[in-house]
1. How many Å² of accessible surface get buried when B and A come together, counting both sides, probe radius 1.4 Å, rounded to the nearest 100?
2. Might you work out the accessible area of A:Trp125 for me, using a 1.4 Å probe with all protein chains in place, and round it to the nearest 10 Å²?
3. Would you list which aspartates and glutamates come within 17 Å of B:Lys79, measuring only between C-alpha atoms, while excluding same-chain residues fewer than 8 positions from it?
4. So, in Å, what gap is there between the alpha-carbon centers of segment A:22-69 and segment B:51-76?
5. Quick one: of A:Lys98/B:Lys251; B:Lys196/B:Lys255; A:Lys310/B:Lys62; A:Lys166/B:Lys184, which pairs are farther than 28 Å apart, Cα to Cα?
6. With N set to the residue count of segment A:44-131, report its C-alpha Rg divided by 2.2 N^0.38 Å to two decimal places.
7. Taking only protein heavy atoms and a 1.4 Å probe, what accessible area per residue, in Å², does chain A have with all protein chains in place?
8. Kindly identify residues of segment B:199-214 having a loss of at least 30 Å² in accessible area between the isolated chain and the assembly of all protein chains, probe radius 1.4 Å.
Amino acid sequence: MATLQTPLVQKIVNRYAIFIVLGAMGASLTLLSPDFLTPGNLINVLIAESGRGMLALGVGVVIMSRGIDLSIGSIVSLTSVVAASLIQQHDYSARIFKDLPLLPVYVPVIAGLVTGTLVGMVNGWLIAYTAIPAFIATLGFMIIARGMALMLTNAYPVPMLRPEFKILGQGNFGPMPIIVCVFIFMVIVTWVLLNHTRFGKNVYFIGGNINAARVSGVRVERNLIYIYAFSGFCAALAGVLITARAASGIATLGNNYELDAIAAATIGGTSHTGGIGTVGGIVAGILILGILNNGLLLLGVSPYLQQIVKGVIIVFAVVFDMRKNARKV
Amino acid sequence: MGKWSRRALVLVAVCLIAAPVFAQKIGVTLYDRDQFISSLEQAILDAGKAFPGVTIDSQDAKQDVNQQLTQVDVFVTKKYNAIIVNLINTDTVETILERAKGTPTVFVNRRPRDAVIDGVKTAYVGSQEFDAGRMQGEFLAKFFQGKKEIRYVLFMGQLGLENTNERTRGVKETLTKAGFTLTKVYEDTAEWDRFKAMNQMQQLLGTNRPFDVVICNNDEMALGAIEAMKSAGRDLKKVPVVGIDATPPAKEAVKAGDMAMTVFQNAKAQGRVALEIALKAAKGQKIDKFGWVPFEPVTIDNVAKY
């Protein structure tokens, strides 16, 4: 009996390792802090992580294609100041664009999304046609986009946004905050894209073996542009929404978000050697980071110790999860 | 001695004293022209107009250490009487003094190591970070008069920086000395970042832990905390939020009654004092090692002035 059961348990543990880590963390925090397992707190975790969650979805898809996108944090800042500068209150004297008429709310939203998607497309184009490594192309745009954001604003915040824009980040859709609804929507979109479209198949194919994909007739270049455009779009969407939530455009918003997003995707079992990864894993990864931040906050852990704890848990979670991949090889 | 000859003597004496003053040339090198430094620069130029015969040559090093060194070299070659330096990097101070070749040098706004300041040929003009925290503390001591315990939430800037440490120490020490018992409800870094402070604040509010005050090392974090408290429907009149910097949006928030107070760093006074010390040093007069320009508290009562 025992010999039969062990492999089954092993299989389940391996397959759902990351969800077990998530559950274990949730359970221990419930024991440690009475404030943890309340609907209010859990929703707050979701609100706090929705932005980075969207980034993780985008960069997760990129990593599955055996690429990397370092520019997403800076895309957040660029979209933040672009969108904010178009929707400042008219009675605020230090506006960026003084002669701008009162624009409808969708203008800054679309301007932000287009900006981010364009940066992503240029990333993809560079990687596809100049054959420079994704690390370098997106590192370039990480610096360029941040520079543009700083230049547009002179490093000053872009405050006093109109209330009808702020509602996007602060308002509710039924019982759920809009920003969380958008995140859930993007989770579904990404899942459908990866599992039920030709684009999704191509992502895994390119990530698994780019030459095989090319030989089999996949239009690799075009798909690379789509992949990075998707990542740019996700970052831009996050940028617009968290700008609305913070009620201010900030040129340093999204600093280091790319690292959090890459960490989340990696914790969630997305393999940097390409071709492996699931949307469920990425969501689990972002929730692990979110619960970790929240738990450290609730327990009042000293800020210095927090960094150590975070690092240890991230590495531990990946080690625990990697055992399944190690066995396959 | 006749009336006229005495007058002539006085005139000669005045000329003798004033002669070096008329000839004074001052070189200024700035790290970059951001909003704060530009207004500091303007103050130096304006203050210069009050001294007839003083010429000021003001250069912008555009955050390039090499360019700053070259500018100092040029000032020395042109035999300027004193130099005002707004350091790009505080580690280059020794090199700069070497290149200055004994020309009196006044540092402004970016503070070099105390060891290089001798009060003869070198001085520093700026504001003391500790005081910004102290002013928050004094404001809060008045606000909470009659209370014994203050349960506080504190958002700090980047860990390990001088201004984070000093501002934090300033507010805590002042409140403790005023006789309050400080009870920590939450204390963490939000890295000067509005959105990070907002996220942390929202999660903290979700726990319903009571607190009396939100202290922030800068205005951006204070604005983030305010945003979170507003959307949770908290009364900002009862729980004051205090910041530092007096940025334009923070001043708006003070006007609206959302932010209880912020602290203003006086760029104009820093520029004026730097020039005054530079002129004194150029004449070989005794100067102070430090020209401290006080921070100024900004509340709803005086916000219109700023």
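The values are calculated or read from the model by the stated rules, or taken from the named source; none is laboratory data. Being a predicted model, the structure only gives us computed values, none of them experimental. Cβ: placed from backbone, ideal geometry, glycine included. Neighbour counts: every protein chain shown. What goes into the accessible areas is simple: the full protein's heavy atoms, side chains included, and nothing from ligands, DNA or RNA. Shrake-Rupley method; radii C 1.70, N 1.55, O 1.52, S 1.80 Å.
1. In total, this chain pair buries about 2600 Å².
2. The accessible area of A:Trp125 comes to roughly 120 Å².
3. List returned: B:Asp57, B:Glu98.
4. First find each Cα centre; the distance between them is then 52 Å.
5. As for pairs spanning more than 28 Å Cα to Cα, those are A:Lys310/B:Lys62; A:Lys166/B:Lys184.
6. Ratio of Cα Rg to 2.2 N^0.38 Å: 1.33.
7. Spelled out: the 1.4 Å probe surface of chain A, per residue, equals 44 Å².
8. The answer is B:Asn199, B:Gln202, B:Gln203, B:Gly206, B:Thr207, B:Arg209 - residues whose exposure falls by at least 30 Å² when every protein chain is included.
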